[in-house]
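Report on the structure given below.
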Amino acid sequence: MSPLWTFVAWLATLAFFAPVAWMVLTSFHQEADAATNPPSPLATPTFDQYRLLFSRDITPFLLNSAMASVISTLLVLALAVPTAYALSIKPVEKWTDVMFFFLSTKFLPAIAALLPVYLIVKDAGMLDNVWTLVVLYTAMNLPIAVWMMRSFLAEVPKEILEAAEVDGAGLPTVLLRIVAPVAMPGLAATSLICFIFSWNEFMFAVNLTATNASTAPVFLVGFITSEGLFLARLCAAATLVSLPVLIAGFAAQDKLVRGLSLGAVK
């Protein structure tokens, strides 16, 4: 049965990869070739769509997305690691209730909170500000990070921590020099997931920003029109916007695989 399951796994991989490959291929076509039915994958490749992207100045949108995603991810890790430490290695009283509280914050659909959040941000004078997105993305990803980091930190050998305490190491030293290196795969997995969620977030970005703080997903929507052809340009923009996430995932893939499987097998 092993060769059969291997074949099924390859089929599933190709099925998931096919739309991405088609998007990249279409991004190198002219609009007329991309809109043909049936499609013409062997059409003459061109870089016109990418030149058009940079002529429309995509750089500020990418910078806004990078700033909001990176800063919010760092803030999430800075808050989630001590919290997970208190809930796993040094469990507080009724820690299960605390974990349920973090989980309950994800019960409310984001669209239901859009109007109150918009009014609060408007009254605070923070509309069209990238720091508003940083705060929102941090709040959105923190519960997920706490849940993930708790399971990762629960696997840290307590003997190492006890030895550090005997040597007189304080909490900051324990977190930075002992817990962080041991739980590095979990940190990589958590940070990458939080980064992806922040990078792809659209609803708050499109409703709370206008020109100064718009992110890459908002830029993509600008290519969708009711008239004319836009498929090749949209595929080129989507390919370019996807690159930072793909690069981050490829750079951390060894730690990512170890982190996602950490604690799965006893």
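The values are calculated or read from the model by the stated rules, or taken from the named source; none is laboratory data. Quick caveat: nothing in here was measured; it's all calculated off a predicted structure. So basically every Cβ, Gly included, is an ideal-geometry build from the backbone, and we count neighbours across all protein chains shown. The accessibility values were calculated without ligands, DNA or RNA, using every heavy atom of the protein model including side chains. Shrake-Rupley method; radii C 1.70, N 1.55, O 1.52, S 1.80 Å.
For segment 18-53, the set of chymotrypsin sites (Phe, Trp or Tyr not before Pro) satisfying both a DSSP loop assignment and a count of at most 16 other C-beta atoms within 10 Å is given as PHE47. Note: relative contact order over the chain, using C-alpha pairs below 8 Å and six or more positions apart, is 32 percent. ILE111 sits with roughly 110 Å² accessible to a 1.4 Å probe, with DNA, RNA and ligands left out of the calculation. In the chain, carbon and sulfur make up what percent of the accessible area (probe 1.4 Å)? Carbon plus sulfur share of accessible area: 72 percent.
Once you sort the root eigenvalues of the Cα gyration tensor of segment 1-95 as a ≥ b ≥ c, which label holds: rounded (a/c under 1.5), prolate (a/b larger than b/c) or oblate (the other case)? Oblate, because a/c is 1.5 or more while a/b does not exceed b/c. For segment 160-199, just say rounded, prolate or oblate: build the C-alpha gyration tensor, square-root its eigenvalues into a ≥ b ≥ c, call rounded for a/c under 1.5, and beyond that prolate if a/b exceeds b/c, oblate if not. The shape class here is prolate. Among PHE219, PHE100, the order of accessible area from largest down is PHE100, PHE219, computed with a 1.4 Å probe on protein heavy atoms.
Our helix-only sum for the chain, with -39,500 (n - 2.57) per DSSP H run of n ≥ 4 divided by its residues, gives a mean residue ellipticity at 222 nm of -22000 deg cm²/dmol. Take the Cα of ALA21, step 7 Å along the line toward its Cβ, and report every residue of segment 41-63 whose backbone nitrogen sits under 14 Å from that point. Within reach of a label on ALA21, which here means backbone N under 14 Å from a point 7 Å along Cα→Cβ, segment 41-63 contributes 41-42. Net charge near SER214, counting Lys/Arg +1 and Asp/Glu -1 over other residues with Cβ under 15 Å of its Cβ? Charge balance in the 15 Å sphere: -2. Counting only protein heavy atoms and a 1.4 Å probe, the chain has 58 square angstrom of accessible area per residue. With only Cα atoms counted, segment 58-164 has Rg and Dmax values of 17.0, 52 Å. For segment 1-65 versus segment 199-230, the inter-centroid distance based on Cα atoms is 20 Å. Altogether, the Stokes-Einstein calculation at 20 °C and 1.002 mPa s, with the Kirkwood radius of the chain over Cα pairs as Rh, returns a diffusion coefficient of 100 µm²/s.
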